[in-house]
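Heads up: the structure comes next, in structure tokens.
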Amino acid sequence: MSKSQNSVKQPVQITGEQKTRRIIIIAVSILLGALIIFGSTLGIITGVRRSRYVIRLKGEGIDRGVASYLAASYKTTYMATLRQNGANVSDTEAFWSQEVYNGNTYGDYLAFGTEQYIREILAAAVIFDETSRLTSEDKETLKLAVYEILSYRADGSVEQFDTLCEPMGFDYKDFKAAATLIYKATRAASRIYGEGGANAAYLTDECDAYYMGYSRVKMIFIRTEDTFALDAEGNRITDTSGNDTLRPLTDYEREEREGYISRLNACIEGINDGSVAPEQFDALAKEITEKYKENSADVLGSGYYLHGVSAYTKEFSKLFPTVLSQAFDLYTGECGKVEIGADDDSESAEGEEDEESGSESGDEVQPFVGVCFMYKAELEPRAYTDTKSNFFSDFYSLVAKELYKELLDGYIDSIELTDKWSELNITKIPYNTEFIPRF
């Protein structure tokens, strides 16, 4: 065999394992290349989308079309509020240029309110996305709500919808995006804390802290002009409307009540200067309640648990506003009193018979004339856990609202307005009354 023949290279034999490896390498290379291309494309798309934001938070944001929808919808609410307050509102440049206070115009307040509203919507929607997700039921609800507007306002035509909404600066796509944001925003709190704040019951430390904002006040009401008519069994007599029947006091009864008032005056003065034990107030309360049936026996020991925003306290305020004001001013361990005259028509007898329910029993409110004595006691440990009590029927709901507000405020503080925000002319965006989804 010649030298040249010996130098000829023999074909390389490739094993099955090598073939498999080569295939894997090629496939991975193709996949990586595709991912790089996809990632670059997605990055470009995301960058373009984010460049359109007028307001943003944590990588999420709202573009001009969606912001215009929210602004148009808020404008409707704002104008309605102004009308309720007596303003002669018109969606015109002249009206929005009117000065209201300290150089600020209606338009300035509208712009401020709109910004705050959009901030809250975006922040709440981001909170929703971080703590929950849209369920299939949510998506169906959204789909139906959006389609309902498209169907009834634009005969099911997207083109017609876009034409109708063009003056307001948004289209059907913007409308759907805005509807989703609003849906998430209005449900974020309940997804975290449960319906009615039920989940807040597990947050003991937070509940204890909120509970410290309550006031526990024991009260004794004494009527000085009339009293409730009682039947033979000592029960109050009511009329056909369910109102208690009153009768004038006799001279003897007036004198007797004056005696009790003198004793109570001495009692609360002694408690305030430390010469009388607070238990004396309880003893007099029990004695007077049993004798005249003019106070709620159910709260003799516990007193009234009051909080500035609780449902019970709001109802109590309608019945006895001056009493409530005085009650909040007391220090723990301090006594006070409020004299209620015949001219104080905002004070009513219904408060006595329905203080435990916080509502009026009849169609008419009977005026209360007399004196209310008060003693502010220390809070009982975790009395709020008794949710059957009308004092605490909305306790966990209030806790949840407070916690959610703190959470929302933190997110709102992190929101950034982009340069494109200034391109929105809030006062010139028409108000929106017809394109409102119903969830």
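Which pairs break 31 Å Cα to Cα here: Lys143/Lys405; Lys58/Lys176; Lys143/Lys388; Lys314/Lys428; Lys293/Lys401?
On the way: Lys143/Lys405 29 Å; Lys58/Lys176 21 Å; Lys143/Lys388 39 Å; Lys314/Lys428 40 Å; Lys293/Lys401 38 Å.
Among Lys143/Lys405; Lys58/Lys176; Lys143/Lys388; Lys314/Lys428; Lys293/Lys401, the Cα-Cα distance tops 31 Å for Lys143/Lys388; Lys314/Lys428; Lys293/Lys401.
Once the mean 1/r over all distinct Cα pairs of region 78-170 is inverted, what Kirkwood radius in angstroms do you read off? Show your work: numbers first, answer last.
On the way: mean 1/r = 0.0598 Å⁻¹.
It is 16.7 Å.
Normalised Debye scattering of region 263-327 at q = 0.15, 0.20, 0.26 Å⁻¹ gives log10 I(q)/I(0) of -0.60, -0.97, -1.13, counting only Cα atoms as equal scatterers and leaving out solvent. Taken along the Cα-to-beta-carbon direction at a fixed 7 Å, the label points for Asn265 and Ala198 span 5.4 nm. Using the basic label-point model (7 angstrom from Cα toward the beta carbon), what is the Asn102 to Ala232 distance in nanometres? So the two model labels end up 7.0 nm from each other.
On region 209-285, 50 percent of the accessible area sits on carbon and sulfur atoms, based on a 1.4 Å probe. Close amide H pairs (under 5 Å, H built 1.01 Å from N) link Glu380 with no residue at least 5 positions away or on another chain. Using the Cβ-Cβ distance between Lys291 and Met212 with R0 set to 45 Å, the FRET efficiency from 1/(1 + (r/R0)^6) comes to roughly 0.80. Residues within the reach of a label modelled at Lys58 (point 7 angstrom out along Cα to beta-carbon, backbone nitrogen below 15 Å), restricted to region 129-168, are 129-134. The calculated FRET efficiency for Glu148 paired with Asp91, based on their beta-carbon distance and R0 = 30 Å, is about 0.70. Once the 1.4 Å probe is applied to the protein heavy atoms, region 247-324 comes out at 49 Å² accessible per residue.
Using θ = phi - 60° in the Karplus curve 6.51 cos²θ - 1.76 cosθ + 1.60, the 3J(HN,Hα) couplings for region 98-106 round to 5, 6, 10, 7, 6, x, 8, 9, 4 Hz; x is entered for Gly and Pro. Shown is the FRET efficiency for Ser157 and Lys314, computed with R0 = 51 Å from the Cβ-Cβ distance and rounded to the nearest 0.05: 0.60.
The values are calculated or read from the model by the stated rules, or taken from the named source; none is laboratory data. These numbers come from a predicted model, not from an experiment. Because the Cβ atoms are built from the backbone with ideal geometry, glycine has one as well, and the counts that use them run over all protein chains shown. With ligands, DNA and RNA removed, areas are computed over all heavy atoms of the protein, side chains included. Shrake-Rupley method; radii C 1.70, N 1.55, O 1.52, S 1.80 Å.
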